[in-house]
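See below for the structure under consideration.
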Amino acid sequence: METKNNQWLSSMEQTNPLVIAGPCSAETEEQVLTIAHALKKTGTTIFRAGVWKPRTRPGNFEGVGKIALPWLKRVKKETGLLISIEVANANQVKLALENDVDVLWIGARTSVNPFAVQEIADALEGTNKIVFVKNPINPDLGLWIGAIERLQKANIKKIGMIHRGFSSYRKSMYRNEPNWQIAIDIKNHFPNLPLICDPSHIGGRRDLIEELSQTALDLQYNGLMIETHHNPDKAWSDAKQQVTPERLNTILENLVVRKSNFEITSKEILTNLRMEINQIDHQIISILAERMEIAEKIGQEKKKQNVAVLQPKRWSEIFDKNIELGLKNGLSKEFVEKIYREIHQESITHQKSVFKK
Ligand code: PEP
Ligand code: MN
């Protein structure tokens with residue numbers, strides 16, 4: 001049975017929202033202790049530090065490994081902060097349990113993999129740990145739900161969800177697209193589980209963290225996970241997105257915490273929809289820019305082969321095909337015509353500039 005209304009979180013009797021902070025990666029004993037002591041002066045409850053780092057490509061810093069576990073124990077002893085790490089397999093869970101890690105999280109590259117999640121759930125069965133599940137890398141609500149269900153089946157009572165954004169093929173202002181709607185959907189699916197926002201991995205840039213955090217609070221998230229480092233530019237991983245403990249403090253002071261009823265008001269729905277529109281507008285511009293880049297490549301080919309920029313047959317083909325597609329998708333013929341005339345004009349301008357070079 002699910003605990004009621006974030007009961008495990010409420011019973012921690014800490015300030016609202018829950019703040020999880022600390023470096024992307026544990027680097028040295030001195031580094032974790034310096035950061036943790038500085039975080040004591042902020043509203044942080046849980047100290048985070050990656051010990052094993054899942055890197056997309058081999059050869060990047062992959063974490064210092066288990067030698068960091070005693071350092072984190074010292075953090076807990078000296079500061080009273082709860083300590084948390086990412087786990088990706090049963091052996092890492094075993095080491096975390098042996099070293100009294102309080103909170104474990106399953107990372108985005110692991111929550112996509114039901115075998116790995118099941119292995120972690122089995123290794124945690126019978127323990128009383130707090131376990132957070134980050135959203136899977138790809139925007140798939142079902143996978144995220146499934147990962148949580150595996151933990152619930154293993155009788156884990158203190159589960160939370162972390163929204164860290166979704167990777168996208170398109171260029172974006174975000175490192176990982178927020179797709180806020182998926183987070184709202186998972187909250188509706190598990191209304192009693194706390195939802196935490198990780199603006200660091202969504203934004204990928206420290207200047208986006210405050211705005212993303214405020215959006216999360218406006219959408220009634222229950223907490224934030226923010227990567228924090230005493231010397232962010234020198235961090236061994238994710239340097240661009242980390243903030244200093246002082247900056248974290250300012251961000252937390254600036255944030256406006258909305259009333260905590262469980263109904264999403266129309267203002268919050270509006271905020272959410274506007275964020276979605278901003279994201280789509282950003283994608284429209286990136287896609288158009290990508291289209292122009294391709295048009296320029298075509299221009300280079302035409303120049304090599306000495307053919308005219310304007311190819312009327314090809315143009316009417318594009319035009320007709322897209323009007324038809326627009327009609328199928330509820331867009332008027334006039335609208336698609338207008339847009340495509342402009343797009344075509346811009347493509348010709350780009351191709352001509354190639355010819356002039
Ligand atoms: C992290 O929290 O440092 C991390 C690797 O996150 P994610 O799984 O969200 O990429
Ligand atoms: Mn990181």
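Observations on the model:
- Helix 209-218 axis, angle to the chain major axis (alpha carbon atoms, nearest 10°): 80 degrees
- Theoretical gain in end-to-end length, Q345 to Q181 [0.36 nm per residue, Cα-Cα removed]: 55.5 nm
- Charging the Cβ of each Asp and Glu at -1 and of each Lys and Arg at +1, and nothing else, the dipole of the chain about its Cα centre rounds to 880 debye.
- Largest accessible area first, the listed residues S286, S316 line up as S316, S286 when surface is computed with a 1.4 Å probe on the assembled protein chains.
- The charge dipole of the range 30-150, taken about its Cα centre with unit charges on the Cβ atoms of Lys, Arg (+1), Asp and Glu (-1) only, comes to about 460 debye.
- Taking amide H positions as modeled 1.01 Å from N, with prolines and chain starts lacking one, the residues under 5 Å from T228 and 5 or more places away or on another chain are G22, C24, V243.
- 3J(HN,Hα) along the range 225-233: 10, 10, 6, 9, 9, 6, 9, x, 5 Hz, from the Karplus curve 6.51 cos²θ - 1.76 cosθ + 1.60 with θ = phi - 60°, whole Hz, x for Gly and Pro.
- Eligible lysines near K352 by straight Cα distance, threshold 16 Å, same-chain separation 8 or greater: K297, K302, K303, K304
- Using only Cα coordinates, the Kirkwood hydrodynamic radius of the range 300-350 works out to 12.0 Å.
- Three-way shape label, the range 181-317, alpha-carbon gyration tensor, a/c 1.5: oblate
- Derived scalar couplings ³J(HN,Hα) [the range 45-52; Karplus, 6.51 cos²θ - 1.76 cosθ + 1.60; whole Hz; x for Gly, Pro]: 10, 10, 8, 10, 6, x, 9, 10
- Per residue value of the accessible surface for the chain (all protein chains in place, 1.4 Å probe), Å²: 51 Å²
- In plain terms, the chain from Q300 to I277 could stretch by 4.8 nm, reckoned as 0.36 nm per residue minus the Cα-Cα distance.
- Counting only aspartates and glutamates at least 8 places from K66 when in the same chain, those with an alpha carbon closer than 15 Å to its own are E27, E29, E86, E98, D100.
- Working note: Karplus 6.51/-1.76/1.60 with θ = phi - 60° gives the range 157-163 the couplings 9, 9, 10, x, 10, 10, 9 Hz, where Gly and Pro are set to x.
- Less than 5 angstrom separates the built amide H of L18 from those of G223, L224, all sequence-distant by 5 or more or on a different chain.
- Taken over the range 34-81, the alpha-carbon convex hull comes to 86 cubic angstrom per residue.
- In the chain, the longest principal axis of the Cα atoms and the axis of helix 266-305 are about 50 degrees apart.
- Share of carbon and sulfur in the accessible area of the chain stands at 53%, probe radius 1.4 Å.
- The DSSP beta bridges internal to the chain are antiparallel in roughly 5% of cases.
- Short-range pairs are left out: with C-alpha atoms under 8 Å and at least six residues apart, the relative contact order of the range 256-357 is 37 percent.
- Kirkwood hydrodynamic radius (C-alpha pairs) into Stokes-Einstein, the chain, 10 °C and 1.306 mPa s, D in µm²/s: 71 µm²/s
- Under-5 Å amide H pairs with V133, H placed in peptide plane, nonlocal only: I106, G160, M161, I162
- Across K53/K73; K171/K240; K41/K94; K157/K187; K53/K234, pairs whose alpha-carbon gap is larger than 21 Å: K41/K94
- Diagonalising the gyration tensor over the Cα atoms of the range 102-248 and scaling each eigenvalue by 5 before taking the square root yields semi-axes of 25, 17, 15 Å, largest first.
- Charged side chains reduced to their Cβ positions (Lys and Arg at +1, Asp and Glu at -1) give the range 75-116 a dipole of some 100 debye around its Cα centre.
- Range in the chain, longest, excluding exposed GluC sites (Glu not before Pro) [loop by DSSP; at most 14 other beta-carbon atoms within 10 Å]: 126-262
- Excluding the site residues themselves, the longest part of the chain lacking any chymotrypsin sites (Phe, Trp or Tyr not before Pro) in a DSSP loop with at most 10 other Cβ atoms within 10 Å is 1-168.
The values are calculated or read from the model by the stated rules, or taken from the named source; none is laboratory data. Everything quoted here is computed from the prediction, not taken from an experiment. Don't worry about glycine lacking a Cβ; one is built from the backbone with ideal geometry, like all the others, and counts go over all protein chains shown. The protein model used for the area step is the full one, side chains on, heavy atoms only, and it has no ligands, DNA or RNA in it. Shrake-Rupley method; radii C 1.70, N 1.55, O 1.52, S 1.80 Å.
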